[in-house]
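So the structure is just underneath, and the comments pick up after that.
The values are calculated or read from the model by the stated rules, or taken from the named source; none is laboratory data. Just so it is clear, the model here is predicted, and its values are computed rather than measured. Note that each Cβ is placed from the backbone with ideal geometry, even for glycine, and that neighbours are counted across all protein chains shown. The area values use the complete protein model at the heavy-atom level, side chains included, leaving out ligands, DNA and RNA. Shrake-Rupley method; radii C 1.70, N 1.55, O 1.52, S 1.80 Å.
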Amino acid sequence: MVELYGRRKRKLGKRKADLLFAWNVMCFLQPFAIKRNSSAHLNPFDMFKNYFKIARRAMWQQKMFIFVNIFGMSIAIACCIIAYYTYDFNETFDQNNTQAAKIYRVNSVRQFQSQLTEYGYVPLPLSESIRQNVGDVEKVIRYSPEGADIRIGDDVFAMGISYVDVDFFNVFTFEFKEGNPTDFRDKSKIFLNEIQAKTFFGNEPALGKPITQILPNGKLWEFTVGGVFRLPPSNSSFNDNAFSLYDNLFDKSPEMENGTNWKYSVTLFVTIIDPSRLSSVGDHLKPFANANNKVREDFVIKEFRLDPFQGMALRDRKIDRQGNWTHPAISNASIVGCAAMAIFILLIACFNLTNTAVSVASGRLKEIGIRKVMGGVRAQLILQFLGETMGICFISLILGIVIAELFLIPAFNNLWPYLKLSTNYTGQPGFLIFLTVTLLFTGLLAGSYPALYVTKFQPIVILKGKLKFGGASFFSRTLLTLQFAISLIAIVCSLAFVGNARYQRDLDPGFDQKGVVYTYVNNGNEFETFRNAMAENNEVISIAGSKDHVSSHYYHDPIKYEAKEMEVDIMDGGDRYLKTTGFHLVEGRDFQKDSETDLKESVIITEKFAAKFGWEKPIGKEILWKDTVKLQVIGVVKDVYTRGLWREMEPMMMRYTPQKNYTHFIVSASPKNVVEVNRFMEKRWRELFPDRVYRSRYMDDVMAEAALTNNNIVTMFVFLGMVAMMLSATGLFTLVSLNIVKKMKEIGVRKVFGASAQNIARVINVEFVIALLIASLLGSYLGSSLSTSLMRSIWKYYQPVSAMALGLSVFVLFGISALTIGFKIYNAAKMNPMDTLRDE
């Protein structure tokens with residue numbers, strides 16, 4: 001019997017090996033014992049109980065590996081839970097609306113130079129035309145959100161008000177805490193969401209309370225609270241502060257001419273009960289495009305399209321549709337990227353558990369041999385090993401739910417303010433199915449190979465001690481290669497986005513990012529008053545006014561030069577605008593103060609504007625605007641990213657506007673003083689305009705959103721990379737340990753013949769170095785492709801992963817691997833060869 005458990009003696013000592021082996025055999029044979037005065041059949045409960053004891057003791061011998069696997073698997077499952085709820089966020093978008101199936105948004109399809117562009121809004125008069133002329137349309141609802149200053153007592157608040165038609169609450173689903181949606185017919189009523197109501201009135205009932213809106217012209221508009229509704233889910237198209245009747249907007253804005261002015265736009269929803277009548281409704285909409293085109297030669301519409309409300313937010317995000325005033329869904333790239341990394345981490349955890357299961361099973365060969373001799377069939381053994389792995393996965397699943405709920409989901413929500421994931425573990429059958437599939441997938445993937453591999457050996461081979469078990473097989477090396485390739489993907493993506501953040505931070509947007517702050521004024525008189533007040537501050541370098549402003553407001557029109565026509569961004573700026581904003585004038589001159597010639601016919605263009613028309617010497621070129629207005633180029637500035645880094649930079653031109661048209665108040669200061677200057681601006685604003693909320697923005701806010709996105713993605717990939725490397729390092733350590741066990745005799749012989757520690761390390765390491773090299777090539781390629789795809793889906797201007805980032809990623813991979821196995825190899829190289837050879 002000595003050869004029966006010789007390997008155990010080497011590991012635990014003779015007495016401990018004898019006792020452990022005997023105890024395992026007794027536990028296995030116990031269910032087969034026939035008790036006195038009982039039948040000879042086996043008790044399934046006793047059998048299960050003893051199998052559980054055997055599995056528990058075997059795993060306890062490898063408790064550190066098992067603990068790391070459970071912890072790693074639980075984090076992987078928690079990541080999968082986040083990926084599921086991110087996917088569910090989009091899939092259930094607007095499902096809170098019970099009538100979503102019959103709601104459609106009317107979109108405009110604009111044609112310019114044979115190119116079609118779809119917008120999420122339509123000309124304002126179209127709504128009344130549909131209401132009067134299209135019988136298949138049941139209800140017509142206009143939607144226009146605007147900002148407002150609200151006074152409650154002595155306090156002034158900034159709030160958004162969305163103007164909608166009377167049937168809004170009958171079509172879209174809202175839950176009311178106070179009031180009744182039928183009261184929405186009253187123009188004097190305003191309906192608040194619960195958060196806004198609490199901001200205004202605390203815990204007191206808001207119903208019937210007065211609210212005063214301060215209009216831009218200084219007039220007051222009185223409301224009373226007609227209702228308070230619960231805030232819809234974050235995956236809803238409507239996350240508005242308040243709603244008021246659309247007729248109020250006409251009263252406040254006479255220039256809209258009670259909805260008959262074709263130059264104003266609106267988001268328009270209609271309800272159609274019979275889907276078979278959609279084509280008929282579309283035919284009725286065609287003539288209305290001509291009515292728009294007679295008035296808007298600058299915005300020629302080819303047709304109007306009915307866009308189903310179901311899935312509207314997803315399509316808006318997917319095609320980056322312009323003119324969307326409702327809340328959009330999250331991008332598919334974010335969902336795919338999150339899901340891909342979660343699956344990768346889960347695969348690493350499964351592969352790691354597979355290697356650990358093989359390692360644990362290597363110490364149970366004699367148990368398997370005895371059980372087969374006593375009549376145990378292979379299917380029974382396979383089920384037991386699968387059951388043990390499934391048990392580990394089940395514990396990981398429970399722990400993963402806890403980690404997701406308490407840590408990862410709150411952290412994820414903090415990263416993305418517009419994305420609020422909420423869990424519902426019992427009310428969503430889909431989630432329960434997801435958990436079940438995840439459990440079965442992880443259990444079968446991680447446990448199938450060990451169960452099938454270990455149980456295939458014949459008992460005579462096991463009990464004679466001739467089985468050479470251990471080492472890194474081709475399968476285990478393949479798993480290790482995939483593990484490290486996936487880990488490298490996360491590292492490459494992390495460093496790629498770090499590099500992209502640096503690139504976007506240093507990118508010249510064409511204006512001063514660091515030392516400019518601006519706010520909004522209603523007219524030239526307010527600008528003059530505020531400018532005189534700001535003259536008291538010695539830290540102010542320059543002050544300018546404008547009607548439009550980069551990142552804040554501009555318009556888009558076609559421009560002609562000879563036979564060529566293109567669309568450009570247009571901004572109307574005032575005195576000292578270029579100097580104050582830091583625009584870089586490369587040739588020509590700035591506008592001259594109060595110059596009538598500049599007001600009528602002078603423009604300043606960007607370099608891209610000149611390049612589009614093919615001008616080498618743009619100064620003095622004459623262009624045509626709106627088919628009748630002749631304009632002359634007097635200056636050229638560097639290209640300006642009016643659309644940030646998200647969309648294609650368009651050619652731009654600037655026109656000179658008089659002070660009476662100013663709506664922006666712009667101040668420049670040194671970067672170190674700009675925050676203090678902004679505080680001074682706010683203080684003086686409250687003194688001069690106490691009934692108006694001070695709203696200011698720094699110019700670097702234009703790039704701040706891109707920086708936030710970069711930093712958040714880096715945080716996600718760093719976390720995933722750390723988890724992946726931890727699991728991969730554990731898997732590598734397990735395989736190295738098994739490889740050393742297999743090569744103990746070889747190592748001892750080499751030591752006897754004088755092999756050095758370096759030679760021993762090479763014998764153990766060579767196959768792992770090959771696996772790491774393959775993983776480096778595979779992970780670098782896939783990481784580069786994934787990071788580039790993600791960046792391309794988010795930004796128009798980005799920097800792909802650099803060769804330095806790839807090299808650093810591979811260096812990190814090899815460094816962590818060296819630290820992981822260095823100690824184990826050092827001990828193997830330093831051990832006494834007599835101990836190994838004598839035991840064998």
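Brief remarks follow.
- Residue in the stretch 379-400 that is open to solvent by 30 Å² or more (accessible area, probe 1.4 Å), out of contact with any strand residue (DSSP E or B) (no Cβ under 8 Å at 6 or more places or on another chain), among the small types (Gly, Ala, Ser) and part of a loop (DSSP other than H, G, I, E, B) present: no
- Where a residue in the stretch 250-268 is polar (S, T, N, Q) and its partner, wherever it lies, is in a strand (DSSP E or B), with Cβ under 6 Å and at least six apart: Thr267/Tyr143
- Gly227 vs. criteria farther than 30 Å from Asn523 by Cβ and assigned to a helix (DSSP H, G or I): no
- Selection count where residues are under 21 Å from Arg692 (Cα atoms), open to solvent by less than 40 Å² (accessible area, probe 1.4 Å) and not in a strand (DSSP E or B), scope the stretch 515-551: 8
- Scan of the stretch 786-840 for residues that are small (Gly, Ala, Ser), closer than 18 Å to Ala771 by Cα and either modelled with pLDDT of 80 or more or open to solvent by 50 Å² or more (accessible area, probe 1.4 Å) (or both), ordered by number: Gly807, Ser809, Gly815, Ser817, Ala818
- Filtered residue count, the stretch 538-585, keeping only those that are in contact with a Lys or Arg (Cβ under 6 Å, 6 or more places away or on another chain) and farther than 17 Å from Lys608 by Cβ: 5
- Inclusion of Ala339 among residues that are open to solvent by less than 20 Å² (accessible area, probe 1.4 Å), among the small types (Gly, Ala, Ser) and within 30 Å of Phe497 (Cα to Cα) is not warranted.
- Residue check, Ser448 of a type in the set (Ser, Thr, Tyr), under 30 Å from Ile370 (Cβ atoms) and either outside any helix (DSSP H, G or I) or at pLDDT below 90 (or both): yes
- Looking across Asp627, Asp598, one residue alone is of a type in the set (Asp, Glu), more than 41 Å from the chain's Cα centre (by Cα) and at positive phi. It is Asp627.
- Close pairs (7 angstrom Cβ cut-off, 6 or more residues apart or separate chains): within 17 Å of Gly387 (Cα to Cα) in the stretch 52-78, of a type in the set (Lys, Arg) and modelled with pLDDT under 75 anywhere: Ala58/Arg364
- Counting residues in the stretch 199-219 that are outside any strand (DSSP E or B), open to solvent by less than 50 Å² (accessible area, probe 1.4 Å) and under 24 Å from Ile103 (Cβ atoms) gives zero.
- Candidate set from the stretch 604-625 (those that are surrounded by 15 or more Cβ atoms within 10 Å (Cβ to Cβ) and assigned to a strand (DSSP E or B)); member that is modelled with the lowest pLDDT: Trp625
- Meets criteria (among the hydroxyl-bearing types (Ser, Thr, Tyr), more than 30 Å from the chain's Cα centre (by Cα), open to solvent by less than 20 Å² (accessible area, probe 1.4 Å) and under 30 Å from Arg296 (Cβ atoms)) for Tyr104: no
- Scanning the stretch 246-301 for residues that are in contact with a strand residue (DSSP E or B) (Cβ under 7 Å, 6 or more places away or on another chain) and either open to solvent by 70 Å² or more (accessible area, probe 1.4 Å) or acidic (Asp, Glu) (or both) returns Lys286, Asp298.
- Residue match in the stretch 698-709 (condition: in contact with a strand residue (DSSP E or B) (Cβ under 6 Å, 6 or more places away or on another chain) and open to solvent by less than 60 Å² (accessible area, probe 1.4 Å)): yes
- Test result for Lys102, of a type outside the set (S, T, N, Q) and farther than 17 Å from Pro232 by Cα: yes
- Every listed requirement among (1) loosely packed, with under 13 Cβ neighbours inside 10 Å; (2) assigned to a helix (DSSP H, G or I); (3) under 24 Å from the mean Cα position of the chain (by Cα) is met by Val437 save one, (3).
- Candidates are the residues of the stretch 558-598 that are out of contact with any helix residue (DSSP H, G or I) (no Cβ under 9 Å at 6 or more places or on another chain) and of a type in the set (Val, Ile, Thr); the one that is most open to solvent (accessible area, probe 1.4 Å) is Thr597.
- Pairs where the first residue, in the stretch 339-355, is over 9 Å from Leu479 (Cα atoms) and free of Cβ contacts under 8 Å to residues at least 24 places away in the same chain and the second is open to solvent by 10 Å² or more (accessible area, probe 1.4 Å) and among the β-branched types (Val, Ile, Thr), C-beta under 7 Å, 6+ apart: none
- Count of the stretch 127-168 residues, restricted to those that are outside any loop (DSSP other than H, G, I, E, B), open to solvent by 20 Å² or more (accessible area, probe 1.4 Å) and of a type in the set (A, V, I, L, M, F, W, C), is 4.
- Filtered residues of the stretch 626-637 (kept if open to solvent by 20 Å² or more (accessible area, probe 1.4 Å) and closer than 24 Å to His584 by Cβ): Gln632
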